[in-house]
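Worksheet for the structure shown next.
The values are calculated or read from the model by the stated rules, or taken from the named source; none is laboratory data. The structure presented is a predicted model; accordingly, all values stated were derived computationally and were not measured. Cβ placement follows ideal geometry from the backbone for every residue including glycine, while neighbour counts extend to all protein chains displayed.
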């Protein structure tokens, strides 16, 4: 995960996509969602790093699963979530995202690492505002609960 997220190594990313795809194959009894949406990274941070891990993972998963990838936007700046507790994280990302497209009834939002789920929850709300009735959260990794 470190090599993928911080060094932008595509080989590491391909392994993560394969693992997540395999996990989804094993767990799915229900139909796939109608679309995937990446958790939008702050544009300034994406420019600094030159790489958006969640967007890359989402595009690769969408291709593998043969479902559309729809863009969401971060509509206001937020501070980094690193170091914030659960309550502060929720407040930090409240109303930070927007989806301009009309969404299918079922979608999945994708992130590379989930800590408290605050960002995914905020994006899920935007998805429901854009017409989705069911929103799944998919993440490649989960921060241990004692870190959250």
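Within segment 72-81, if we keep just the residues that are in contact with a strand residue (DSSP E or B) (Cβ under 8 Å, 6 or more places away or on another chain) and assigned to a loop (DSSP other than H, G, I, E, B), the residue that is modelled with the highest pLDDT turns out to be 72. Only residues that are within 15 Å of the chain's Cα centre (by Cα) and either modelled with pLDDT of 70 or more or not in a helix (DSSP H, G or I) (or both) were counted across segment 21-42, and they come to 9. Of the numbered criteria (1) farther than 16 Å from residue 135 by Cβ; (2) over 13 Å from the mean Cα position of the chain (by Cα), the one residue 98 fails is (1). Whenever a residue of segment 31-44 is closer than 9 Å to residue 74 by Cα, its partners that are surrounded by fewer than 19 Cβ atoms within 10 Å (Cβ to Cβ) and at pLDDT 90 or above, lying with C-beta atoms within less than 8 angstrom and at least six residues away or across chains, give the pairs 40/71; 40/73.
Please verify whether residue 110 is under 13 Å from residue 39 (Cα atoms) and in contact with a strand residue (DSSP E or B) (Cβ under 8 Å, 6 or more places away or on another chain), treating the condition exactly as stated. So residue 110 fits the description; yes.
Contact map, segment 131-148: residues that are closer than 21 Å to residue 61 by Cα paired with residues that are at pLDDT 85 or above and part of a strand (DSSP E or B), Cβ distance under 6 Å, separation 6+ or inter-chain. Pairs shown: 132/107; 134/106; 135/107; 136/108; 137/109; 138/108; 138/110; 139/111.
Applying the condition of being within 18 Å of residue 113 (Cβ to Cβ) and surrounded by fewer than 14 Cβ atoms within 10 Å (Cβ to Cβ) to segment 72-81 and asking which residue is nearest to the chain's Cα centre (by Cα) yields 80. Across segment 82-103, the qualifying residues are those that are surrounded by fewer than 17 Cβ atoms within 10 Å (Cβ to Cβ) and closer than 29 Å to residue 18 by Cβ, and the one among them that is modelled with the lowest pLDDT is 82. Please tell me if residue 117 is farther than 16 Å from residue 40 by Cα and without any contact (Cβ under 8 Å) to a residue 40 or more places away in the chain. It is false that residue 117 is farther than 16 Å from residue 40 by Cα and without any contact (Cβ under 8 Å) to a residue 40 or more places away in the chain. The residue of segment 43-71 that is farthest from the chain's Cα centre (by Cα), among those that are crowded, with 16+ Cβ neighbours inside 10 Å, modelled with pLDDT of 80 or more and not in a helix (DSSP H, G or I), is 67.
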